[in-house]
Amino acid sequence: MKENEKTSETKTDAVEQPPAAALPRIALGMPIVYRASKKKGKRKYTNGLKNIQKLGRGMAHASERVSHGLDRGFSRFRSRTDASSKKKRDGALVDAARNLSKGAGRTLRIASKAPNDVFKKVNTKWVSRQVRNAMRALPVLG
């Protein structure tokens, strides 16, 4: 090659930075403004329908927990069955009872919290007062 031949070079800088004069200047006395996050709105209820709606939300949450528990339990059963079938001949059949009990245990452990989900939504001061008054109205046995 000859030394006087020049190879073409391409510029690799994809983004050019603006000159320093174009950047905004921050003065020391300027206030710093933070944007506050939006608040969650309160739920709005019609008088007399609040407890029914809360009960509905609690039931929905409880059913969601039960379905999540079933999902986790069946996933556990399926993965343990797959592992058993890979370990030994007819392993899925031999270990079926053990795998089923492990899956059912996982399901019950997660889904057993569902009644508490309903109770937490409904247990308000008004409901407690109503239950207490109903208990006082019952005749004392004994």
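The values are calculated or read from the model by the stated rules, or taken from the named source; none is laboratory data. Values in this document were obtained by computation on a predicted structure and should not be read as measured data. Reconstructed Cβ throughout: ideal geometry from the backbone, glycine too, with neighbour counts over all protein chains shown.
Given segment 54-142, what helices (runs of 4 or more DSSP H) lie entirely inside it while holding 2 or more residues that are basic (K, R)? Can you show your working first?
Values: elements: 91-94, 96-111, 114-122, 125-137.
Of the helices (runs of 4 or more DSSP H) lying wholly inside segment 54-142, those with at least 2 residues that are basic (K, R) span 96-111, 114-122, 125-137.
Filter segment 47-70 down to residues that are modelled with pLDDT under 90 and of a type in the set (S, T, N, Q), then give me how many there are. Residues meeting the conditions: 3.
Would segment 31-51 turn up any residue that is part of a helix (DSSP H, G or I) and among the β-branched types (V, I, T)? The answer is no; no qualifying residue exists.
Just the residues that are under 20 Å from I52 (Cβ atoms) and hydroxyl-bearing (S, T, Y), please, taken from segment 89-142. Spell out the reasoning first.
The initial filter retains those residues of segment 89-142 that are under 20 Å from I52 (Cβ atoms), namely 114-131, 133-134.
Of everything in segment 89-142, those that are under 20 Å from I52 (Cβ atoms) and hydroxyl-bearing (S, T, Y) turn out to be T124, S128.
Considering only residues in segment 57-77 that are among the charged types (D, E, K, R) and under 12 Å from D117 (Cβ atoms), the one that is surrounded by the most Cβ atoms within 10 Å (Cβ to Cβ) turns out to be R65.
Those residues that are touching a residue at least 40 places away in the same chain (Cβ under 8 Å) and among the acidic types (D, E), I need them from segment 78-135; list them, please. Once the filter is applied, which keeps residues that are touching a residue at least 40 places away in the same chain (Cβ under 8 Å) and among the acidic types (D, E), segment 78-135 yields only D117.
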